[in-house]
Every structure is written in C-alpha cells, then in structure tokens.
1. Once the other residues with Cβ under 13 Å from the Cβ of residue 72 are scored (Lys, Arg +1; Asp, Glu -1), what is the net sum?
2. Could you look at the range 44-114 and say what percent of its accessible area is carbon and sulfur, using a 1.4 Å probe and all protein chains?
3. Accessible area per residue of the range 59-108 at 1.4 Å probe, in Å²?
4. Under the 0.36 nm per residue contour assumption, what length would be gained going from the current alpha-carbon distance of residue 71 and residue 115 to full extension?
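The values are calculated or read from the model by the stated rules, or taken from the named source; none is laboratory data. Owing to the predicted nature of the structure, the values given are computational and were not obtained by experimental measurement. Counting neighbours? That spans all protein chains shown, and the Cβs are built from the backbone with ideal geometry, glycine included. Surface areas here come from the heavy atoms of the whole protein model, side chains and all, with no ligands, DNA or RNA. Shrake-Rupley method; radii C 1.70, N 1.55, O 1.52, S 1.80 Å.
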Amino acid sequence: QRTTTTLHATKKLKREDSLSSPASFDHALHRGKMLFRCQIAILMYMLAGVIAFSRIFERWPIIDALYFSVVTFTTVGYGDLCPTTDAGKLFTIFYAFAGISIVGALLGYIGGSVIEAERAAIQKTRAAARAAMMELFDPKKKRRKGGSKKGTSEEESTSESRVTKALAEDGN
C-alpha cells in the first residue's frame, strides 16, 4: 500500500510540476493575447472618443476631447467639460457605459490572472511539502537518533502510515 501511495504522490508531483510544459506556455500566450486585446480595446475606445468629441459632436480641440475621453473612461467625471449638443450627450451616455464595460472586463481578467497565479503557487508549495514528507518517511534511508542507528520501529511505521493515509486522503 505504501508503494502505491508513493507512486500516486510521484505522479501527482509530475502533474503539478507541469508549469513549464508546452500547455502552460500556450496558456501564457493566450493570457498575453488577451491583455493585448484589452489594450487595443482601450486604444480604440479613446480614439473613438477623440474623433467623436473633436470632429463630430462638440468640435472640441483634440486635447480637450482626449481629456474628456480619459475622464469619462476612468469614471472620474470632474465636470469641467460636458457635452452641450443633444447628440453629444446621447453619445456620451453610450460611451460611458462602453467604458465601464471595458474597465470591468479588464479588472476581471487581471483579477482572474492573480487568482490563477496564486493557485499555481499554492499547488507548487503543496507538491514540495508532499515530496519532503515522502522523503522524510522513506524506509530505505537510515536515520540516526541519539548517535545510534535506528531501524524501522513500530513507532516509525505507525507515523508513516498516518502520513501516508493523510496524503492519500488529501490527494482525493
């Protein structure tokens, strides 16, 4: 039974140590693409706001249109600039909702990435702890206690079986 538990623990360590596998590289590449898409969405959002407020609705200077776009996107809303035309006001309503959606999606993505990185770190720490525990109770290694060699006593085998049982239950 101990050999089976050790085999399961070793297989689990190999699975959890697959952070450097090609699959995790593909996942990291996907995360990079998603971040790039979010940046492109923000850039397009700002560009649309600058064009709309400087050329179509309000005829503001480009710097004022960019300023208003950023203030609207970040939901700060200082109130020093505001649209005066009805079409500009209507566009601003949809523009603000779109900006809030982009910010929400970006924050959700960043939060998910942080949680995923934390989960991976916890799994790696657990795997290292399991490996250290399995090495600690390896019957093939001779241990010394008080300067004398000590074989596998009844107390050691009881401790080993408790740890092995706990690891097996934790693995399920």
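1. Numbers: positive: 89; negative: 58, 64, 80.
Spelling it out: positives minus negatives among the neighbours equals -2.
2. On the way: 3160 of 4210 Å².
After summing per-atom areas, the C and S share lands at 75 percent.
3. Numbers: 3180 Å² over 50 residues.
With the other protein chains kept in place, the range 59-108 gives 64 Å² per residue.
4. Values: separation 44, 0.36 × 44 = 15.84 nm, distance 2.93 nm.
The span from residue 71 to residue 115 would gain 12.9 nm if fully extended.
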